[in-house]
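Let me begin by presenting the structure, written as structure tokens, before commenting on it.
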Amino acid sequence: MLQIPNLPNYQLPQPNYNAVKIDIHNPSVGGCTNPIAQPQAPVYEPQYAPVTAPYYNYPQTQLYNYPQTTNLQQPYYMPVQPANVNSDATANATVNVPQQAPQSVAPAVCPPCPPCQAPEAPAVPAPQVAEAAAAAVASAPVQQTPQQVNINQAPQPAPVVTETTVAPAEAPKVEVVPPVNTEPQVDLNGFLAKLANPDFEVQANAMEEIANMVNDEAQKAKATELLDSKVVDALINIINTDSSKLAGPTQEQIAARQKLMSGQQISDQEKALATTITPMEQAERNKSYAMFTSAILQKLYADEVAKLTNSSVPLTELPAAMNIVDQLKDNPNPMVRTSAIEALSYIQKPEYKKDLTTLFTIAKNDQDKGVQEAASAALEKLNQI
């Protein structure tokens, strides 16, 4: 600290605290003038007790505090923008940090006055200091930055270079097998054409073939393809055929048949006449065949439904069942009525026992003796289940 010699005691003028008269270029409050700026100014010793602490106690710091580099060995690098981002040159530019930070220029500060120790204005103006710092940064050597790393992307592993490149194993080829078109095992259209043929013999042969296929265990699997509504409709058409307009047996045929049935001697001509079947008789016979064939298909249908749904189809919902019942009640030919009883007896089940008992009981009162006997046999068979 500067030692001030004892000077003569002069009267210290009172400070003027008028804000209007403050000198903005060289301000001073109740103290001495700047000894550097005005070295010839006299120094007066105050008549009051010396001040031991400054009036304004604030930290002494630089006016321009630039950041200093703490570790010169590891410069700071700006993050690299992604390569696939299209941006202008300004956005992709990187900042190169110099290896050595420039020394900051400390502003010249006058020594504090003894009484107050207040700092004076810097000797170098602020704009000049900023320009000097910028010039120092520009003239500093620039360190080349290494390969820039994008911190926003995951690090990619370095490619492994080998002498021989091994081709990746080919994935096994999956062989796509086209679906096989399953051909029907039964010629359904062929059966429909035979059942609709006007030749009664062709119809009879087709119905016999269907019955044999269903009753054969080896062919029952493919016989299920015959459970078609078109097949049932063809059989119903045969059952409902109006045979009254067809030619029936003549009187000579009836007489020849009576002789043959009684065991009398007949000629070969009479025997051929007696065994010839007329169109009407062929139609009535095919009605019986159609009822038997439909009964066989009805039983197959009921069994398949029971396997799939574990339930029983009502008698009234079996295909062609009610058509057989109508023939039993209304057909004038006793042979057809007898065939109806036998067809219903073939599909008898415990679930149908009540309905069939009613039908067979009524049939026991039929006028024809053959129909009565067929109804009695059906009731006896029904009571056994």
Quick one: would you say residue 278 is of a type in the set (S, T, N, Q), within 18 Å of residue 245 (Cα to Cα) and either modelled with pLDDT of 90 or more or touching a Ser or Thr at 6+ places or on another chain (Cβ under 7 Å) (or both)? yes
Scan 340, 274, 290 and give me the residue that is under 17 Å from residue 211 (Cα atoms), more than 54 Å from the chain's Cα centre (by Cα), buried (at least 16 other Cβ atoms within 10 Å of the Cβ) and among the aliphatic types (A, V, I, L, M). 340
Name the pairs: first residue in region 238-249 and within 21 Å of residue 340 (Cβ to Cβ), second residue assigned to a loop (DSSP other than H, G, I, E, B), Cβ to Cβ under 7 Å, at least 6 apart or on different chains? 248/278
Within region 168-215, count every residue that is under 21 Å from residue 243 (Cα atoms) and surrounded by fewer than 10 Cβ atoms within 10 Å (Cβ to Cβ). 1
Go through region 235-267 residue by residue and tally those that are within 21 Å of residue 208 (Cα to Cα) and either aliphatic (A, V, I, L, M) or in a helix (DSSP H, G or I) (or both). 5
Members of region 315-344 found to be within 23 Å of residue 300 (Cβ to Cβ) and of a type in the set (Ser, Thr, Tyr), listed by number: 316, 339
What residue, of 354, 307, is surrounded by fewer than 19 Cβ atoms within 10 Å (Cβ to Cβ), under 59 Å from the mean Cα position of the chain (by Cα) and under 22 Å from residue 213 (Cβ atoms)? 307
In region 232-282, how many residues are acidic (Asp, Glu) and under 25 Å from residue 293 (Cβ atoms)? 3
Going by the conditions given, is residue 347 surrounded by fewer than 16 Cβ atoms within 10 Å (Cβ to Cβ), within 18 Å of residue 298 (Cβ to Cβ) and without any contact (Cβ under 8 Å) to a residue 60 or more places away in the chain? no
The listed residue being farther than 20 Å from residue 192 by Cα and surrounded by 13 or more Cβ atoms within 10 Å (Cβ to Cβ), out of 234, 218, 256: 256
Every residue from region 180-210 that is touching a Lys or Arg at 6+ places or on another chain (Cβ under 8 Å) and either among the aromatic types (Phe, Trp, Tyr) or part of a loop (DSSP other than H, G, I, E, B) (or both): 185, 186, 200
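The values are calculated or read from the model by the stated rules, or taken from the named source; none is laboratory data. Just so you know, these numbers come straight off a predicted model, no measurement behind them. Cβ atoms come from the backbone with ideal geometry, glycine included; neighbour counts cover every protein chain shown.
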